[in-house]
Amino acid sequence: MKNPRVHEIATAMIDAVRKVLIDHQVTEAEYRAGVMYMMKVAEAKETGLISDVFLNSTIVEIKAANTHGSAPAIQGPYFKEDAPFVDGKLKTYDSDDHKPLLLHGTVKDEAGGVVSDAVIDIWHSTPDGRYSGFGGYHGDMPVEYYRGKIRTDSQGRWRVQTTLPAPYQIPNKGPTGALLTMMGSHTWRPAHVHFKIRKDGFEPLTTQYYFEGGEWVDSDCCNGVQPELVMPAAIEQNMQVMVLDFVIEKPRA
Ligand code: MBD
Ligand code: FE
């Protein structure tokens, strides 16, 4: 059955690629190398990674231009729906000697009203750049580490403690890393913490925040940094803190 949206987008994508092939006079051998490359990406289970490295920021750009809520950011390939609810603290490894990080703030609607009982997913990598709940490069860490869900209270407030994430290298031994290297780029992302805020009757907000002055903030290999997402360093209770007041919006007709 013909799907008009698929027809429109798939046809335009194929036309765009055909134009590149012609403009750059791509040879038969180069075309075959490209096809082999896509097979390697699938074999290495990097289809999600390579898509998000190059294209997620464009989807975010589209969303950002149409939102009255907080700035969205790229989700990346390492969100896990099955992360558990946590009580004020993400589980981290004791061998993780990095500094504590306090995260707190509020969730409000566009009119400034508090949003209670919103669910916030929070996730970030270990200091050595691994995400829990994934195999291969990530080493099969149980899903309850370095991620969790919390709820806002009756005042729309939320709070959670974790450890400070470090600058992060995307999986760099596979085809995605190889392509970035051949393109003259690199595989680094600035240290970041991911958030997904959901509440019935509101648009989900997927975002992530970075640390002012952090390494790679000015050259993220995923093009995911926007000025609103870079937070200044602050200290509370002897801990580095990020205070984030999220605004979520109702779906538009
Ligand atoms: C990540 O951790 C990430 O956040 C993104 C967007 C892409 C690759 C790895
Ligand atoms: Fe990430």
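When the residues of region 125-159 are filtered to those that are in contact with a Leu (Cβ under 9 Å, 6 or more places away or on another chain) and crowded, with 19+ Cβ neighbours inside 10 Å, which remaining residue is modelled with the lowest pLDDT?
Taking the candidates together, the pick is PRO127.
Within region 187-202, restricting attention to residues that are surrounded by fewer than 18 Cβ atoms within 10 Å (Cβ to Cβ) and touching a residue at least 24 places away in the same chain (Cβ under 8 Å), which residue is nearest to ALA166 (Cα to Cα)? Of everything passing the filter in region 187-202, ARG198 is nearest to ALA166 (Cα to Cα). Taken over region 216-253, the criterion of being part of a strand (DSSP E or B) and touching a residue at least 40 places away in the same chain (Cβ under 8 Å) is satisfied by GLU236, MET239, GLN240, VAL241, MET242, VAL243, LEU244, ASP245, PHE246, VAL247, ILE248. In region 207-229, of all residues being over 17 Å from GLN240 (Cβ atoms) and among the small types (Gly, Ala, Ser), the one that is surrounded by the most Cβ atoms within 10 Å (Cβ to Cβ) corresponds to GLY224.
For ASP82, are the conditions met, namely being touching a residue at least 40 places away in the same chain (Cβ under 8 Å), away from ligand 2 (no atom under 16 Å from the Cβ) and on the phi > 0 side of the Ramachandran plot? Judged against the criteria, ASP82 is not a match.
If you go through region 161-172 and keep only what is surrounded by fewer than 20 Cβ atoms within 10 Å (Cβ to Cβ) and among the aliphatic types (A, V, I, L, M), you end up with LEU164, ALA166. Considered as a group, the residues in region 65-106 that are among the small types (Gly, Ala, Ser) and surrounded by fewer than 17 Cβ atoms within 10 Å (Cβ to Cβ) include one that is farthest from GLU203 (Cα to Cα), and that residue is SER95. ILE9 meets each of the listed conditions (1) farther than 29 Å from LEU205 by Cβ; (2) not in a loop (DSSP other than H, G, I, E, B) apart from (1).
Please tell me if LYS63 is in a helix (DSSP H, G or I) and under 30 Å from TRP158 (Cα atoms). Yes: the conditions hold for LYS63. Out of all the residues in region 102-122, is one or more in a loop (DSSP other than H, G, I, E, B), touching a residue at least 12 places away in the same chain (Cβ under 8 Å), within 13 Å of ligand 1 (Cβ to nearest atom) and among the β-branched types (Val, Ile, Thr)? No. In region 16-64, the residue that is farthest from THR106 (Cα to Cα) out of those that are over 18 Å from the mean Cα position of the chain (by Cα) and small (Gly, Ala, Ser) is ALA29. Name the residue that is nearest to ligand 2 (Cβ to nearest atom), counting only residues in region 107-124 that are among the small types (Gly, Ala, Ser) and surrounded by 12 or more Cβ atoms within 10 Å (Cβ to Cβ). The selected residue is ALA118. On the stretch given as region 237-253, residues that are surrounded by 11 or more Cβ atoms within 10 Å (Cβ to Cβ) and either under 30 Å from ASN66 (Cβ atoms) or charged (D, E, K, R) (or both) total 9. From the list GLY48, GLY69, GLY76, GLY34, the lone residue that is of a type outside the set (A, V, I, L, M, F, W, C), within 26 Å of VAL119 (Cβ to Cβ) and part of a helix (DSSP H, G or I) is GLY48.
The values are calculated or read from the model by the stated rules, or taken from the named source; none is laboratory data. This one's a predicted model, so the numbers in the text were calculated from it and none came from an experiment. Positions of Cβ are backbone-derived with ideal geometry, glycine not excepted, and every protein chain shown enters the neighbour counts.
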